[in-house]
Amino acid sequence: MSTPVVEVRGLRKHYPVGGGLFGRRRQSVKAVDGVSFDLPAGRTLGLVGESGCGKSTLGRTMMRLEDPTAGAVRFEGRDLAQARPKELFALRRDMQMIFQDPYSSLNPRLSVGETVREPLDVHSLGPRAERREQVDGLLEAVGLDPAVQDRYPHEFSGGQRQRIGIARCLALGPKVIVADEPVSALDVSVQGQVLNLLVRFQQERGLAYLLISHDLSVVEYLSDRVAVMYLGRLVEVGPRDEVFSRPAHPYTRALLEAVPVADPRRRRDREPLLGETPSAVNPPPGCAFHPRCPFAVGACREQVPELEAVGDGGHTAACIRKDEI
Ligand code: ADP
Ligand code: MG
């Protein structure tokens, strides 16, 4: 296989919280706690997990919108964590982000044309005189009439705003896109259209995607590989069909069980997830999932399991009981 566009190695992002005063021990939220994966060109890695497990922090830290606490993010072999501001500025062209909320992620004071054009101006891309045409082309590509250039974001629906956001994101010709819940704020009726747009751009431009979603059906639709995150760590990674049809980690199984089943004949044979997600400030010792896990044994409280192969198809899971259950 070709070398990945992005390599993430041992990435950590801890946020200090409270404490520190009067000699109390300073605590931290271990939002991302030792995550490694590759993003190959033209492929999508889907990242799933419950709210608060660290998905957005992982996306932002990978983009170096935040400084990592530890670990490396290499884009075409260059480490972003070591990049100087000038290098980082250049790298911004190659890695772009699509955000969840198309209402707050667009600047209300910029017209649609200015919104899409701004990155071209910031990076001085192409002759100035041709930028309006470039913007026309980008708007057409996302299915909007170029005549909307002089209008403002508030005049558009959520789906249209997300298209504007995607046009802006594509303006610089990125190679990698982190899409954080790209359709979660949209009506179900337009979610498919936006997802299909993302599929088309990936095929046309060979983009690598990190697709973050709590919605398993979105991840199943778009991903080549799937990574399951629990309290700052990846607990299962593998080819989409493997993970969905033969989940190896009890947490992945529980997530899949929790999806509403349309067909009443497909009865559930397992209990849904028990209890709330524990805090990432004081995660349980050993396997962080053990207090909610129906298969936990004594050893699960003591050792932190590493991702290990399940079969030989590039499927891994971090569970000491994965071969028995
Ligand atoms: P997700 O996207 O999976 O819902 P997040 O990455 O938003 O999860 O959050 C992961 C954890 O990190 C949560 O416990 C959250 O409260 C915490 N967190 C996120 N951003 C910050 C921040 N800037 N400061 C402190 N804690 C944060
Ligand atoms: Mg999030």
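List of remarks:
- Comparing Val122, Val112, Val218 in a Gaussian network model of the chain where C-alpha atoms under 10 Å apart are linked, the largest mean-square fluctuation is found at Val122.
- Here the gap between Glu130 and Arg109, fully extended at 0.36 nm per residue and compared with their Cα-Cα distance, gives a gain of 5.3 nm.
- In the chain, the DSSP-assigned H stretches of four residues or longer account for a calculated mean residue ellipticity at 222 nm of -8500 deg cm²/dmol, using -39500 (n - 2.57) per stretch and the full residue count as denominator.
- Surface share of carbon and sulfur [accessible, 1.4 angstrom probe, percent] for the range 188-246: 48
- Relative contact order (%) - criterion: Cα under 8 Å, at least six apart; region: the chain: 20
- Close amide H contacts of Val29 (hydrogens built in the peptide plane, cut-off under 5 Å, sequence separation of 5 or more or a different chain): Tyr15, Val17.
- Of Pro85, Pro102, Pro291, the residue with the greatest mean-square motion in the GNM of the chain, using alpha carbon springs below 10 Å, is Pro85.
- Equivalent ellipsoid, the chain (semi-axes from 5 times Cα gyration tensor eigenvalues, Å): 36, 23, 19
- Once the chain from Glu276 to Ser157 is taken as fully extended at 0.36 nm per residue, the excess over their C-alpha distance is 39.4 nm.
- Computed with a 1.4 Å probe over protein heavy atoms only, the accessible surface of the chain comes to 50 Å² per residue.
- Residue of Val310, Val259, Val281 that the Gaussian network model of the chain assigns the largest fluctuation, springs spanning Cα pairs under 10 Å: Val259
- Per atom type, the range 58-121 shows carbon and sulfur on 48% of its accessible surface, probed at 1.4 Å.
- Taking a ≥ b ≥ c as the square roots of the eigenvalues of the Cα gyration tensor, the range 98-180 is oblate, since a/c reaches 1.5 or more and a/b is not larger than b/c.
- Between 0 and 90°, nearest 10: helix 188-205 axis offset from the chain longest Cα axis: 80
- When the surface is traced with a 1.4 Å probe over the full set of protein chains, Arg292 keeps roughly 10 Å² accessible.
- Helix 85-94 axis versus longest C-alpha principal axis of the chain: approximately 90°, rounded to the nearest ten.
The values are calculated or read from the model by the stated rules, or taken from the named source; none is laboratory data. What you see is a predicted model; the values in this text were computed from it and never measured. Surface accessibility is based on the protein's heavy atoms, side chains included, excluding ligands, DNA and RNA. Shrake-Rupley method; radii C 1.70, N 1.55, O 1.52, S 1.80 Å.
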